[in-house]
Amino acid sequence: MLAKSELEKLLDTRDPERRIVITPLLERSQVGPGSVDLRLGFTFLLSRRANIAAIDPMATDSLKTVEKCQERITLSRGRLLYLHPGEFILGSSLEYIGLPTNMGAYVTSRSSWGRTGLVIATATSVGPRFRGVITLELANLGTQPLTLRPGVRIAQIVFHYADGGGEYDGRYPCPTGPEPGKIQKDKDLEFWNPS
Amino acid sequence: MSIDDLQRLAKAQVINIHQRLAEARSQEFPTNSPELFGEFLERLVDALGEFIQQNSDLTLLRYSCEILRIIGSHVRYLENGSSSKVPAQLIGSIENLIQQTRPGARVLLRVQWSFNYTVIDISDIYRTILRNLLAASTIDTIFSGIADFCVVGIPTIEYSNVLLHAALGHEAGHRLATDYLKTEDQKNLVATTKAAMGDLGWYPGASQLPPLFRFNVSQRLLDGILRTRKRALEELISDLVGWKTFGISALFTLHNISLVSVLDAPPAEETRLYPPWRLRLRGMMLKLYTEEIIEDLNSLRGSSPIDMIRDAAVRYVRELNDVVTDTSDWNVLNADGVLSRAYADLGEALVGSEAFISEKLGMTIYGRETFRRQIADLLERLALGFPPDELRDSTIPDFRSAMAAGWLYKNARVSVPYSPTSEWEIRHDETINRLVLKAIESIELTKSFEAWRSGNM
């Protein structure tokens with residue numbers, strides 16, 4: 001895990017091969033002893049009722065099915081989003097992250113938010129050379145509605161060195177907002193789902 | 001229809017409009033301007049509804065019902081302005097740009113089915129319509145908080161093509177063009193046009209006409225020449241504003257939009273007297289050379305893909321130069337007596353408008369120095385797969401530089417993030433658009449945040 005002084009060094013270096021990019025980093029105080037606070041972005045994917053039987057994430061046209069029951073909204077600064085008990089939405093970090101080849105990261109909840117019942121980022125691993133905003137899976141496990149506000153510090157990212165890194169060839173090239181899952185792109189899916 | 005029929009019709013229309021407004025207003029909007037517009041329409045509909053119920057003049061009632069229909073159709077501006085339909089991150093920058101020429105103006109950004117960029121001065125339209133119906137004090141109440149309101153339209157199919165939205169610089173320019181044209185000496189303009197028309201010897205058959213008919217033809221031609229000239233100048237001055245506010249992005253946008261059009265199509269009534277595209281492109285290319293932007297493109301230095309982007313940009317400009325060196329548009333214009341006279345003094349008039357525009361735009365002008373200083377850093381950011389939102393010295397760039405970087409990168413057709421082993425694919429254009437939009441969001445947010453912080457420390 002990278003501690004503050006190393007994090008600051010890598011945030012400030014001009015060497016693109018070593019640099020950690022976090023943009024916009026609105027306040028330097030977001031850099032903590034062993035992590036960087038991430039803010040909630042302005043765009044969300046919300047669920048809506050749709051004329052579909054079920055979402056089968058493994059179906060080849062699952063992305064289209066998912067799109068039918070999701071609505072992308074962008075809030076302006078100062079607007080609120082209410083997350084009701086049991087509700088699940090996708091949001092993203094405000095910050096666009098860029099990792100060098102030799103580095104990975106984990107995104108975790110901030111405990112202050114966890115104590116309100118908010119669960120964030122169940123898929124927390126960020127691979128070397130990833131570029132993009134981090135999609136946050138937001139769910140309210142509490143019993144009271146939660147008020148979310150874009151811009152608030154909602155998660156934290158912890159960096160670590162990774163040996164033998166290469167080019168990022170994941171499914172999410174340069175995302176700038178929350179992205180639905182792409183399980184259907186698993187290469188061995190045909191074996192598990194014979195027609 | 002009787003008075004009673006019209007009053008019942010109006011009641012039903014008012015109820016319908018309220019229902020549609022309630023539905024439209026339940027959406028999420030990128031700013032609070034659409035919300036204000038919704039409230040404004042509600043006040044307007046109520047006032048008009050009340051006027052109709054208290055009036056018994058059949059003509060006025062018909063007219064008022066027609067206005068209600070028009071208002072009903074304007075609910076679509078709200079419906080198409082929700083944050084799920086427009087590039088919400090762009091609205092702040094567009095609002096700032098329009099407010100430079102119209103302090104305090106509110107902006108509603110919406111998508112429209114037609115392939116066109118528009119800025120509609122909605123408050124002016126309503127004031128004109130209502131002037132003869134409602135009392136001045138009622139009108140003032142209806143317009144409270146919304147004295148100057150623009151509805152900015154972008155084409156639905158291009159909503160995610162943020163680079164093309166540089167066209168809004170041109171659209172915002174129409175207001176300045178109108179203001180400038182009002183300052184022209186109309187008497188002198190008519191006199192010089194009449195002198196240029198001479199004895200109409202150039203107009204087929206004019207010499208055989210009896211004096212009275214000849215006078216009529218002369219008046220019609222004079223009107224045609226002046227309207228054609230005015231329309232040409234409206235577009236060309238707006239182009240100039242587009243150039244001054246968005247720089248090279250305005251040129252690329254104009255070229256992109258012109259691609260599906262006939263370059264030398266002469267101005268005609270059915271095309272609302274638009275000047276030929278080639279002529280408009282020539283105007284922008286002239287700025288590119290006189291402001292020496294071409295030198296800045298030539299001097300872009302850096303490792304791949306910067307060198308590739310530079311070469312592609314220079315090649316692109318060279319090809320555009322070939323297009324505008326061809327004067328076939330002038331051949332078409334000069335072959336027509338009306339058009340040649342309408343276009344005779346355009347160059348001179350444009351030069352005259354430049355000082356006026358520069359003064360009005362003030363600090364909004366996107367100058368060469370900003371472009372020159374910022375562009376290479378931002379291209380590097382794009383090449384690395386980052387939003388073009390930060391310069392090497394960690395300062396924030398101008399959002400117009402981010403757009404220019406997006407255009408230059410896109411025109412070069414290299415992969416993003418750049419990899420010498422990856423070929424360009426169409427999806428890279430989409431990535432560039434998203435990165436530029438993210439950059440605009442970051443730039444505007446950082447500026448606002450820093451302003452807030454400096455005011456709170």
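The values are calculated or read from the model by the stated rules, or taken from the named source; none is laboratory data. None of the values given here were measured: they were computed from a predicted structure. Cβ: placed from backbone, ideal geometry, glycine included. Neighbour counts: every protein chain shown. Quick note on the areas: whole protein, heavy atoms, side chains included, nothing else; ligands and nucleic acids left out. Shrake-Rupley method; radii C 1.70, N 1.55, O 1.52, S 1.80 Å.
This table checks each residue for (1) modelled with pLDDT under 85; (2) farther than 18 Å from residue B:42 by Cβ; (3) assigned to a helix (DSSP H, G or I).
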site: B:100; (1), (2), (3): yes, yes, yes
site: B:104; (1), (2), (3): yes, yes, no
site: B:119; (1), (2), (3): no, yes, no
site: B:127; (1), (2), (3): no, no, yes
site: B:134; (1), (2), (3): no, no, no
site: B:141; (1), (2), (3): no, no, yes
site: B:153; (1), (2), (3): no, yes, no
site: B:157; (1), (2), (3): yes, yes, yes
| task | Just need a number here: residues in segment A:158-195 that are outside any loop (DSSP other than H, G, I, E, B) and either modelled with pLDDT of 80 or more or open to solvent by 30 Å² or more (accessible area, probe 1.4 Å) (or both). | result | 10
| field | Of the criteria (1) within 12 Å of another protein chain (Cβ to nearest Cβ); (2) open to solvent by 30 Å² or more (accessible area, probe 1.4 Å); (3) more than 24 Å from the chain's Cα centre (by Cα), which one residue B:372 fails | value | (1)
| query | Would you call residue B:430 within 13 Å of chain A (Cβ to nearest Cβ) and closer than 22 Å to residue B:253 by Cβ? | reply | yes
| query | Would you say residue A:120 is free of Cβ contacts under 8 Å to residues at least 60 places away in the same chain, of a type outside the set (Asp, Glu), open to solvent by less than 50 Å² (accessible area, probe 1.4 Å) and within 14 Å of chain B (Cβ to nearest Cβ)? | reply | no
| query | Would it be correct to say that residue B:439 is away from chain A (no Cβ under 11 Å) and under 24 Å from residue A:150 (Cβ atoms)? | reply | no
| said: So in segment B:344-373, with the set limited to residues that are assigned to a helix (DSSP H, G or I) and among the charged types (D, E, K, R), which one is nearest to residue B:103 (Cα to Cα)? | reply: B:360
| Looking at residue A:92, is it at negative phi and away from every other protein chain (no Cβ under 12 Å)? | no
| said: For segment B:300-316, give me the residue count where each residue is part of a loop (DSSP other than H, G, I, E, B) and free of Cβ contacts under 8 Å to residues at least 12 places away in the same chain. | reply: 1
| note | Sole miss for residue B:129 among (1) closer than 23 Å to residue B:69 by Cβ; (2) in contact with an Asp or Glu (Cβ under 8 Å, 6 or more places away or on another chain); (3) surrounded by fewer than 21 Cβ atoms within 10 Å (Cβ to Cβ) is condition (2)
| query | Is it the case that segment B:78-89 has a residue that's β-branched (Val, Ile, Thr), open to solvent by 10 Å² or more (accessible area, probe 1.4 Å) and not assigned by TED's automatic domain parsing to the domain that holds residue B:256? | reply | no
| request: Go through segment B:1-50 residue by residue and tally those that are assigned to a loop (DSSP other than H, G, I, E, B), buried (at least 16 other Cβ atoms within 10 Å of the Cβ) and polar (S, T, N, Q). | output: 2
| Failed item, numbered, when residue A:35 is tested on (1) at the interface with chain B (Cβ under 9 Å from one of its Cβ atoms); (2) closer than 28 Å to residue A:141 by Cβ | (1)
| task | Sort through B:181, B:263, B:212 and tell me the only one that's in a helix (DSSP H, G or I) and buried (at least 17 other Cβ atoms within 10 Å of the Cβ). | result | B:181
| Restricting attention to segment B:377-395, and to residues there that are outside any loop (DSSP other than H, G, I, E, B) and open to solvent by less than 20 Å² (accessible area, probe 1.4 Å), which single residue is nearest to residue B:424 (Cα to Cα)? | B:383
| remark: Conditions (1) part of a helix (DSSP H, G or I); (2) in contact (Cβ under 8 Å) with a residue 60 or more places away in the chain -> residue A:8 fails only (2)
| query | How do the pairs read when you match residues in segment A:72-87 that are facing another protein chain (nearest Cβ under 7 Å) with residues anywhere that are hydrophobic (A, V, I, L, M, F, W, C), using Cβ under 6 Å and keeping only pairs 6 or more apart or on different chains? | reply | A:72/A:45; A:73/A:44; A:74/A:42; A:74/B:88; A:75/A:42
| task | Could you run through segment B:300-313 and say how many residues are over 31 Å from the mean Cα position of the chain (by Cα) and open to solvent by 40 Å² or more (accessible area, probe 1.4 Å)? | result | 5
